[in-house]
1. Can you tell me which residue among Ala139, Ala89, Ala76, Ala106 is modelled with pLDDT of 90 or more, small (Gly, Ala, Ser) and within 19 Å of the chain's Cα centre (by Cα)?
2. Answer with yes or no whether Arg21 is of a type outside the set (Asp, Glu) and outside any helix (DSSP H, G or I).
3. Report, ordered by the first and then the second residue, all pairs with beta carbons closer than 8 Å, sequence separation of six or more or different chains, a first member in segment 110-136 that is touching a residue at least 24 places away in the same chain (Cβ under 8 Å) and on the phi > 0 side of the Ramachandran plot, and a second member that is of a type in the set (D, E, K, R) and surrounded by 16 or more Cβ atoms within 10 Å (Cβ to Cβ).
4. Which ones in segment 82-105 are closer than 13 Å to Tyr169 by Cα and of a type in the set (Lys, Arg)?
5. For segment 82-95, indicate whether the set of residues that are among the aromatic types (Phe, Trp, Tyr), buried (at least 16 other Cβ atoms within 10 Å of the Cβ) and not in a helix (DSSP H, G or I) is non-empty.
6. If the requirement is being in contact with a helix residue (DSSP H, G or I) (Cβ under 8 Å, 6 or more places away or on another chain) and either on the phi < 0 side of the Ramachandran plot or of a type in the set (D, E, K, R) (or both), which of these qualifies: Ala48, Ala28, Ala58, Ala38?
7. Any idea which of Met65, Met31 is in contact (Cβ under 8 Å) with a residue 12 or more places away in the chain and either part of a helix (DSSP H, G or I) or not basic (Lys, Arg) (or both)?
Amino acid sequence: MTFSSCAKVMQRLRRFARDTRGSLTVEALIMFPLLFWALLSMLVFFDAYRQSSLNVKAAYTISDMLSREVEPITPAYLDGARNLFNELARTATPSRMRVTVVYYNAGQQKFYRDWSQERGGVAVLSNADVQTMQDRLPAVPDNERLILVETWADYNPPFNVGIDRQDLYNFVFTRPRFAPQVKFES
């Protein structure tokens, strides 16, 4: 290759580098997939937070509903409470729920279980399980009772943007309001 042909090639390369015709098309081809992915990601993250918020609100509703009961809770009542949770949370898959009534013994400084019932395949809580969750429970006076409502609901993101399937767990506790104790009748 001669010097003049190298100079012509270099001149053409400089002219090509300065030429701005068509650069918008190239930039758009690069940016549109990134913008589409970012928009899709924001949609999935927003949807996950929305579902989490619905689950928490539904769990608080169930807990508040149980705290107002003066009659014993029946298995049919708990089935209905789980169905209500599914409706309020708008879950696509069946949820799981566990309701436990615990009381505090100030002499031993421990919580103990009065009763525990589950719906959806979760194990009921034993006294040993209640002892492991003492740090999550509030300080209460002697013989004070709490209603613990735990819920689990699956969240499957509509698009694959880096969030895997999530098991949304809620732990809610409430004092009985109108009766000193909420009883279970089998």
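1. Just a single option satisfies the conditions, and that option is Ala89.
2. yes
3. Gly120/Arg82; Gly120/Arg96; Gly121/Arg96
4. Once the filter is applied, which keeps residues that are closer than 13 Å to Tyr169 by Cα and of a type in the set (Lys, Arg), segment 82-105 yields Arg96, Arg98.
5. So far as segment 82-95 goes, no, none of its residues is among the aromatic types (Phe, Trp, Tyr), buried (at least 16 other Cβ atoms within 10 Å of the Cβ) and not in a helix (DSSP H, G or I).
6. Ala58
7. Met65
The values are calculated or read from the model by the stated rules, or taken from the named source; none is laboratory data. Being a predicted model, the structure only gives us computed values, none of them experimental. FYI the Cβ positions are ideal-geometry reconstructions off the backbone, even for glycines, and counts take in every protein chain you see.
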